[in-house]
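Worksheet: the structure to be examined is printed underneath.
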Amino acid sequence: MEYDFKSIEKKWQAYWASQKTFKAVVDESKPKFYVLDMFPYPSGAGLHVGHPLGYIASDIFSRYKRLKGFNVLHPMGYDAFGLPAEQYAIQTGQHPEITTTNNINRYRQQLDRIGFSFDWDREVRTCDPKYYKWTQWAFLKMFDSWYDPAKDKARPISELIEKFTTTGYDGVTPEKWASASDKEKSDILMRYRIAYQGETAVNWCPQLGTVLANDEVKEGLSVRGGYPVEQKKMTQWQLRVSAYAERLLKGLDTIDWTDSLKEMQRNWIGKSEGTEMVFNTICGDRQMPITIFTTRADTVFGVTFMVLAPESDLVEKLTTPEQKAKVDEYLQYVKKKTERERIAETRTVTGVFSGSYAINPLTGEKVPIWISEYVLAGYGTGAIMAVPAHDSRDYVFAKTFGLPIVPIIEGCDVSEESFDAKEGKMCNSGFLNGLDVKEAIEAAKDYVEAHGLGRRKTNYRLRDAIFSRQRYWGEPFPIYYKDGIPTPIPMDKLPLELPEISEFKPTEAGEPPLARAKDWTFEGYPLEKSTMPGFAGSSAYYLRYMDPDNDNALVSERADKYWRDVDLYIGGTEHATGHLIYSRFWNKFLYDLGYVCEAEPFKKLINQGMIQGRSNFVYRIVNTNTFVSAGLKDQYQTTEIHVDINLVRNDKLDLDGFKAWRPEFNDAEFILENGEYICGWAVEKMSKSMFNVVNPDDICDTYGADTLRLYEMFLGPLEQSKPWDTKGIDGVNRFLKRFWRLFDNLSEEKAKPEELKVLHKLIGKEQEDIENFSFNTTISAFMIAVNDLMALGCSKREILEPMVVLLSPFAPHIAEELWHMLGHGGSVADASFPEFIPALAAEDNVIYPVQFNGKMRFTVELPKSASPAEVEAFVRGYQQTAKYVGDLKIVKVIVVPGKIVNVVIK
RNA sequence: GCCUUGGUGGUGAAAUGGUAGACACGAGGGACUUAAAAUCCCUUGGACCGAAAGGUCCGUGCGGGUUCGAUUCCCGCCCGGGGCACCA
């Protein structure tokens, strides 16, 4: 019978849907396993062949774990709020909800064709009010909490108020608290809330009309859209992620992620341990101490000037009247520059002298205070002590403005560049002289602390997350302004639904789109007009999957206690410093308040590589309509033109198809090589404009979903990025057909040892490989097994039936059909993974030389005491037992006494 | 610049420190077929020796090292992918 994948796949997809085969139910009697994919943003372009890569891998793992007896939770949903739908709405007036729903439907159709084992009853959409009720809930919880440094966790804000009223806290005395107005109280509490409103320098994108978080900006451009971003001081909602910096860092040691991803997060968190030091200043007759942060307290004897960030509050206070004009000019200049220009001009050094001087607290020396944009307002204290001899940035600055450079490490040459390395012996440094740099750092810290000049301090680069967006298509903030005081709407009024508006762009007055909503008020007071950013909805979606229909809690205690955390999370690295930080933060916050039972949400994380496109080119001879084959193009002057890859097979161009493709090519002529037109190719991003997009639907049409699944895995290691090239797909398709054909004359005979060996080798290999996420080698092993069985002429149920189960995670449709043909009811997903019997797979290679290509090598462990003579005797004896195979001859024996013997025989 | 990955045939790739290139694609040859498709078989890293069977040498980015033995481990370079980038 023919392998008719079309009807098979349709049939079993319908079966899984109607039988709810993959519905997950809490069952404390079974071990759980939670496999999660990063849910997609449903874009208008639909899925291309690269998107399902991770989903296929996670699906294989889910199905495998299920065969292993686990109760598997494998959900899917949509990250449905976001900019593209809104931008589209602004252009067309189409409501983002309609676009989003259409896109979701399209995604669902495409996903369904691939045969995933998702429990669709648990689907979530971040734009669904029933879902974002819990996003708003979490926000209100954060609003209603503060970070208690003593307990090192988030606590209800009521505990802080209690402190204020009774003992006082952090400079707020009971008297001060009692006499404060409501507005003042609100302002004080704002300084502590986990979700708070505060003025800060933000990334403002004028084209998008919204602020963006740090991870949404790359090289001064918005990640979405690529528009310039500028720095601007604004009052925004923020999340106090920085309070969790240390825990986010420490938590990395407890989870199984790749080193590179953990490293990325560590860099993003950017812990640095140093010293805060106070420098007194002379500014006319005023005293104005500057606090600076340094990791190199040892270099304090090398300080020759100070630098303030242009945005620093100290600038105004330390500028002398004589310098004021120049400083103001400089500040204007800095302000005008966009973030992008600042980055582009990284090498140009700018700055201005403030007119004031600082006193080095260790030497008493007087050094000038400068202002320069190379010092960042947002990090440390916005002021530095400059040590040009040992810091390359200070060095360039000093050279540019002719400031002195004083080396303080013995023997270093600072005539051309600074000496930044933390090594060598100190000199010119008073009591630090003669110490090694590392010792000197500690000694200087001790000295500074002992003399009250400063203290040890740990700084983090991780900033609080800007949480408001001046957009429409996001979660509304459940906050209204009662007499100007931000007030949460009551929990039982959630969700606060997004209002209908007629137009989606900002108002003429520059207010967010929500200002257009009629009656956007709560109890007569105005509601917050900005909405939450994209990461809000994706920060706790993995928790919601555990209990998606619960109206009373984000997740019930029972569901949380059972599913706990994600055992395997598969997704791209692009979320390393965004979603994966925010989610961990969000989870830790909920953990602090006792809503979830695990401190880390994602136990194991795998990053699937990107699938790139493989573009094809034709070469048109300049000023003609003649196209020359790639091998001959160097003989002519040609222009390279992208050609639709659907017109190309194995790099050979379909000439008629090409002529019909575009009117301008109707009368194209070709210069062929060996009768064929060979196209050039290149690896590029998969995109419509390069005509290299491959749609999984097309692959499903011509080869079937099982072939698609196998091929995506067969392409190479999961973590690696690789170009999609359809040309190898015939191989896996042939493999499926061959496997199918083995069942043509199924026999009930008992299997022979060599047949059992094939099976058990495969079981062992598959088990090992899947646990290591090495799916490509599993498929290879499967191909070898099928080839071996064909060579042995084996079509025995005893062998084939377990093989169907083994194949089912990879190619579930064909497996279901064969399982059914073998007389089983139900789904192969309910079978058990075959038991591995090592003895049956053992490599007694002398008896079955078939897989060794006529040559063999074996390695035997010998007792340490074995002498060369004994080794030789052993080898001869071994050769005796090899008599079945015919004439074997020892070719090479490598003996290391007491270790290993290597014998090559043929 | 710093961090992190990777570099193996025409291509995708495989190799607990132990026959480098499994498996697959492509290519070449052959079988079946009126023909095509499908299917099956053989060859396929390079150079050389041989009529053949078969054999020899060289080969995993480059240079060293450890080891009986290195694609694998160590040190130093070169090149590509990803991330961070005035973070004091």
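For chain A, what's the relative contact order in percent, using C-alpha pairs closer than 8 Å and at least 6 residues apart?
13
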More than 14 Å apart - percent of Cα-Cα pairs taken over the range A:200-258
62
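With the contact rule set at Cα under 8 Å and sequence spacing of 6 or more, what percent relative contact order holds for the range A:1-158?
Working: 158 pairs, mean separation 40.4, N = 158.
Value for the range A:1-158: 26 percent.
Which of rounded, prolate or oblate describes the range A:127-210 when judged by the alpha-carbon gyration tensor and an a/c cut-off of 1.5? Walk me through the numbers on the way to the answer.
Values: a/c = 2.37, a/b = 1.61, b/c = 1.48.
Here the range A:127-210 falls in the prolate category.
First check a/c for the range A:112-159, with a ≥ b ≥ c the square roots of the eigenvalues of its C-alpha gyration tensor; if it is under 1.5, answer rounded, and if not, answer prolate when a/b is larger than b/c or oblate otherwise.
Numbers: a/c = 5.68, a/b = 2.60, b/c = 2.18.
Taking the square roots of the gyration eigenvalues as a ≥ b ≥ c, the range A:112-159 is prolate.
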Taking a ≥ b ≥ c as the square roots of the Cα gyration tensor eigenvalues, with a/c under 1.5 meaning rounded and otherwise prolate when a/b beats b/c, else oblate, which class fits the range A:733-842?
rounded
To the nearest 500 deg cm²/dmol, what mean residue ellipticity at 222 nm is calculated for chain A from DSSP H runs of n ≥ 4 alone, each contributing -39,500 (n - 2.57), summed and divided by the residues?
-10000 deg cm²/dmol
Considering only Cα-Cα distances, which of the following residue pairs are longer than 21 Å: A:LYS250/A:LYS445; A:LYS271/A:LYS336; A:LYS262/A:LYS603; A:LYS68/A:LYS765; A:LYS271/A:LYS317?
A:LYS250/A:LYS445; A:LYS271/A:LYS336; A:LYS271/A:LYS317
Can you sort A:HIS95, A:HIS390, A:HIS579 from fewest to most other Cβ atoms within 10 Å of each residue's own Cβ?
A:HIS95, A:HIS579, A:HIS390
Using per-residue counts of other Cβ atoms within 10 Å, averaged over each peptide, order A:146-153, A:396-403, A:275-282, A:179-186 from highest down.
A:275-282, A:396-403, A:146-153, A:179-186
For A:LYS20, go through the aspartates and glutamates and keep the ones whose alpha-carbon is under 19 Å away, minus same-chain ones fewer than eight residues off.
A:GLU9, A:ASP59, A:ASP112, A:ASP119, A:ASP121, A:GLU123, A:ASP547, A:ASP549, A:GLU816, A:GLU817, A:ASP830
The range A:266-376 - Debye-derived log10 I(q)/I(0), Cα point model, q = 0.11, 0.16 Å⁻¹:
-0.40, -0.81
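What's the Cα-based Rg to Rh of chain A, Rh via Kirkwood? Before the final figure, lay out the partial values.
Details: Rg = 34.1 Å, Rh = 32.9 Å.
So for chain A, dividing Rg by the Kirkwood Rh gives 1.04.
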Can you find, among A:ILE678, A:GLY609, A:LEU759, the residue farthest towards the positive end of the dipole of the range A:609-761? Put +1 on the C-beta of Lys and Arg, -1 on that of Asp and Glu.
A:LEU759
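Ordered by packing density, taken as the mean number of other Cβ atoms within 10 Å over each peptide's residues, highest first, how do A:581-594, A:712-725 rank? Write out the running numbers ahead of the final one.
Values: A:581-594: 21.7, A:712-725: 18.7.
Top to bottom by mean Cβ count within 10 Å: A:581-594, A:712-725.
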With a 10 Å radius around each residue's Cβ, average the other Cβ atoms per peptide and rank A:559-570, A:681-692, highest first.
A:559-570, A:681-692
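Compute the signed sum of charges (Lys and Arg +1, Asp and Glu -1) over the other residues within less than 15 Å, Cβ to Cβ, of A:SER43. Mind dumping the intermediate values first?
Values: positive: A:ARG106, A:ARG108, A:ARG125, A:ARG224, A:LYS685, A:LYS688; negative: A:ASP79, A:GLU86, A:GLU574.
Taking every Cβ under 15 Å from that of A:SER43, the sum is +3.
The numbers here are math on the coordinates, done by the rules we state, and not lab data. Since the structure is predicted, the reported quantities are computational estimates derived from the model, not experimental observations. Counting neighbours? That spans all protein chains shown, and the Cβs are built from the backbone with ideal geometry, glycine included.
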